[in-house]
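One structure is given below, encoded as structure tokens.
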Ligand SMILES: Cc1ncc(COP(=O)(O)O)c(C=O)c1O
């Protein structure tokens with residue numbers, strides 16, 4: 001009855017069954033798989049953040065296919081404060097990073113086309129790709145005391161899907177491994193995208209959280225040699241998963257004008273969210289929440 005794009009809902013795994021049994025027996029084991037910072041007592045909106053969300057501007061409807069210009073300008077200003085130059089005109093707002101992936105897969109791929117991602121890697125790629133009729137191909141990360149890109153495995157993955165790869169996905173810093181690309185690996189990634197004529201999609205939702213003792217993680221923002229989309233959003237920056245604002249920063253060679261066709265495509269489908277308000281970002285609730293996270 002349902003399409004093959006809908007992931008099969010398997011029976012709960014052994015761990016889930018054990019947890020349910022423990023809870024049914026009145027025990028409350030510590031659940032170390034909780035990944036919601038608010039539930040873990042680490043994030044949340046303070047009164048000022050909640051007040052920003054209650055602004056009268058919420059009632060206004062000013063549709064713009066890329067999201068409100070004021071919000072895009074505020075995000076560009078936030079990125080500039082981190083040393084990254086992004087033109088607000090190259091930003092497209094979405095309701096979440098997951099939604100960004102869905103739009104991108106649809107914009108870049110025809111059904112059956114391939115996006116490549118590292119393994120081990122972010123588990124949601126599989127259902128996100130499948131829902132859009134896209135095939136997820138893998139290349140294996142190598143481990144020798146740290147995770148790194150195995151260029152041979154990457155080339156083999158391109159070869160296995162010759163002519164069908166539309167995007168190479170990287171997550172910086174990677175979930176769940178924490179792997180970070182070094183300069184040589186970033187060059188290898190860009191070279192493969194250029195050689196195979198595919199887009200580079202860099203998920204940088206964890207970039208603002210450098211490892212202790214290290215500087216800010218490098219970014220693909222502004223990469224001009226290949227069509228590039230950098231994904232980011234508030235849910236990780238603020239530690240508030242329900243704060244739904246994601247953004248895509250587009251860059252690349254001038255000839256990729258058509259790639260900015262993400263936006264006309266979205267106009268056609270009417271899919272971009274238009275209710276994102278500038279107060280949300282301008283009031284810098286994300287900064288306040290991060291302060292909350294940092295305070296003892
Ligand atoms: C690497 C990575 N990208 C994207 C997301 C999804 O973020 P959002 O809440 O903006 O959909 C997650 C969520 O855990 C993530 O770990």
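Using the Cβ-Cβ distance between residue 119 and residue 53 with R0 = 51 Å, the FRET efficiency computed as 1/(1 + (r/R0)^6) comes to roughly 0.85. Peptides 83-94, 54-65 ranked from most to least packed give 83-94, 54-65, packing being the mean of other C-beta atoms within 10 angstrom over each peptide's residues. Placing a pseudo-label 7 Å from each Cα along the Cα-to-Cβ vector at residue 80 and residue 184 gives an inter-label distance of 3.7 nm.
Between residue 162 and residue 126, the FRET efficiency estimated from the beta carbon spacing at R0 = 25 angstrom works out to 0.70.
For a modelled paramagnetic label at residue 146, 7 Å from Cα along Cα-to-Cβ, the residues of region 173-195 in reach, with backbone nitrogen under 17 Å, are 173-175, 177-189.
Which order, highest average first, do 13-21, 174-182 follow once you tally other Cβ atoms within 10 Å for each residue and take the mean per peptide?
Values: 13-21: 10.8, 174-182: 17.0.
For the peptides 13-21, 174-182, the packing ranking is 174-182, 13-21.
Rounded if a/c is under 1.5, else prolate if a/b beats b/c, else oblate: with a ≥ b ≥ c from the C-alpha gyration tensor eigenvalues square-rooted, which is region 1-133? Oblate shape, in that a/c is at least 1.5 and b/c is the bigger or equal ratio. For the chain, the mean residue ellipticity at 222 nm estimated from helices alone is -10000 deg cm²/dmol, where every DSSP H run of n ≥ 4 contributes -39500 (n - 2.57) and the total is divided by all residues, rounded to the nearest 500. The gain in end-to-end length when the residue 87 to residue 214 segment is fully stretched comes to 43.0 nm, 0.36 nm per residue minus the alpha carbon separation. The fewest-to-most ranking of 122, 101 by surrounding Cβ atoms within 10 Å reads 122, 101.
Once R0 is set to 30 Å, what does the formula 1/(1 + (r/R0)^6) return for the Cβ-Cβ distance between residue 138 and residue 17, expressed as a FRET efficiency to the nearest 0.05? Intermediate results must be reported in sequence, preceding the final value.
Working: r = 28 Å, r/R0 = 0.95.
Working from the Cβ atoms, E equals 0.60.
Residues 1, 248 in ascending order of nearby Cβ atoms (within 10 Å, fewest first): 1, 248.
A simple spin-label model places the labels of residue 191 and residue 46 4.8 nm from each other, with each point 7 Å out along Cα-to-Cβ.
Taking only the C-alpha atoms of the chain, Rg followed by Dmax gives 20.0, 63 Å.
Values quoted throughout were computed directly from the atomic coordinates according to the rules given, and no laboratory measurement underlies them. This structure is a prediction, so every number in the text was calculated from the model and none was measured. When we count neighbours, we look across all protein chains shown, and the Cβ atoms used for this are built from the backbone with ideal geometry, even at glycine.
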